[in-house]
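Scroll down for the structure; my scribbles are underneath it.
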Amino acid sequence: MSAPIFEAPIHALVRGVPDAYVHCLRPESAAPDVALAREQHARYVAALVDAGVEVVRLDADEAHPDCCFVEDTAVILGGRGLLTRPGAPSRRGECPAIAAALAARCDLQAMREPAVLDGGDVLRAGSLLFVGLSGRTDEAGARELAGVAARDGLEVRTVPVVGGLHLKSAVTLVDAGTLVLHAGALDAAPFLAAGLDVLRVDEPAGGNVLALGRRVLVSAAAPATGRLLAARGLDVVTVDVSEFHKGDGALTCLSLRVPAAGRWCA
Ligand code: CIR
């Protein structure tokens with residue numbers, strides 16, 4: 001069987017920003033402006049559409065202030081996936097609506113208590129799944145994912161996350177064999193050991209970019225990262241997600257991406 005090809009996702013699930021977003025889980029920082037967050041969300045969705053991704057939109061859920069950060073609620077590996085048990089108890093109620101929306105697109109297995117895992121802690125690079133052990137994801141969660149992933153021949157490798165919310169707060173995929181990593185936030189050694197190229201950047205928001213094939217979305221808060229990736233020939237699109245950074249989120253968090261059959265995506 002030939003290895004799957006890295007490509008832009010075919011579908012992406014997004015969820016609206018509730019009024020309650022002002023009460024999202026966040027560090028001690030300024031409260032987000034919900035109206036501006038909605039405008040930024042609309043531009044983020046437009047960037048996905050412009051990249052050729054078919055977007056599936058779910059309504060906001062006022063009972064769940066963090067519901068727009070859909071990435072944390074599932075890990076999609078193609079035809080198969082894991083419905084997570086998010087590390088923050090207040091977020092677990094986000095999952096049933098996600099399960100219903102994904103039911104027709106992939107075969108989802110639900111995680112069992114007491115394991116916890118957030119999708120923001122899962123970084124796929126080819127046949128490897130790096131799983132961040134963070135304040136939201138534990139060893140049992142990594143084992144649950146490993147069980148699902150093994151059926152597709154994928155291997156889980158755990159990585160300690162000491163600063164920051166999630167693994168992907170600090171490191172994300174740029175292309176099939178390259179990562180961008182916020183230097184100082186995370187040790188590059190596990191990724192280098194896997195044969196990946198690692199581009200180190202100094203901007204905190206630069207560690208989280210969203211690769212959609214050759215196109216890469218980069219936060220407006222990381223202009224030097226955008227220039228670095230453009231110089232490598234990538235099609236960089238800058239998206240302002242300031243109000244999601246205030247909620248400890250970034251570009252990947254705002255969508256759940258589904259690859260086409262026989263493909264894999266960021
Ligand atoms: C949380 O603390 O759960 C949200 N305020 C932010 C989640 C960001 N998600 C992500 O990085 N995948």
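The values are calculated or read from the model by the stated rules, or taken from the named source; none is laboratory data. In this text the structure is predicted, and so the values were computed from the model without any measurement. Positions of Cβ are generated from backbone atoms using ideal geometry, with glycine treated the same way; all protein chains shown enter the neighbour counts. The accessibility values were calculated without ligands, DNA or RNA, using every heavy atom of the protein model including side chains. Shrake-Rupley method; radii C 1.70, N 1.55, O 1.52, S 1.80 Å.
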Which of the residues that make up region 165-183 are farther than 15 Å from Val131 by Cα and open to solvent by 10 Å² or more (accessible area, probe 1.4 Å)?
Asp175, Ala176, Gly177, His182, Ala183
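Look at Gly153 and say whether it is away from the ligand (no atom under 16 Å from the Cβ), surrounded by fewer than 16 Cβ atoms within 10 Å (Cβ to Cβ) and under 15 Å from Trp264 (Cα atoms).
Considered against the rule, which asks whether it is away from the ligand (no atom under 16 Å from the Cβ), surrounded by fewer than 16 Cβ atoms within 10 Å (Cβ to Cβ) and under 15 Å from Trp264 (Cα atoms), Gly153 comes out as yes.
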Consider only pairs whose beta carbons are under 6 Å apart and that are at least six residues apart or on different chains; among these, list those whose first residue lies in region 60-74 and is over 15 Å from Ala20 (Cβ atoms) and within 11 Å of the ligand (Cβ to nearest atom) and whose second residue is hydroxyl-bearing (Ser, Thr, Tyr) and assigned to a strand (DSSP E or B).
none
Do we find a residue being out of contact with any strand residue (DSSP E or B) (no Cβ under 6 Å at 6 or more places or on another chain) and of a type in the set (Val, Ile, Thr) anywhere in region 214-227?
no
Matching residues in region 75-102 - criterion: being among the polar types (S, T, N, Q) and either open to solvent by less than 40 Å² (accessible area, probe 1.4 Å) or within 15 Å of the chain's Cα centre (by Cα) (or both)
Thr84
Would you tally the residues in region 26-49 being open to solvent by 50 Å² or more (accessible area, probe 1.4 Å) and touching a Phe, Trp or Tyr at 6+ places or on another chain (Cβ under 9 Å)?
1
Would you point out the residue of region 144-175, among those that are assigned to a loop (DSSP other than H, G, I, E, B) and hydrophobic (A, V, I, L, M, F, W, C), that is farthest from Leu228 (Cα to Cα)?
Leu154
Looking only at residues in region 106-121 that are over 24 Å from Asn208 (Cβ atoms) and of a type in the set (D, E, K, R), which one is least open to solvent (accessible area, probe 1.4 Å)?
Asp107
Requiring at least 1 residues that are open to solvent by 40 Å² or more (accessible area, probe 1.4 Å) and closer than 20 Å to Val49 by Cβ, the strands (runs of 3 or more DSSP E) wholly within region 192-266 are 215-219, 235-239
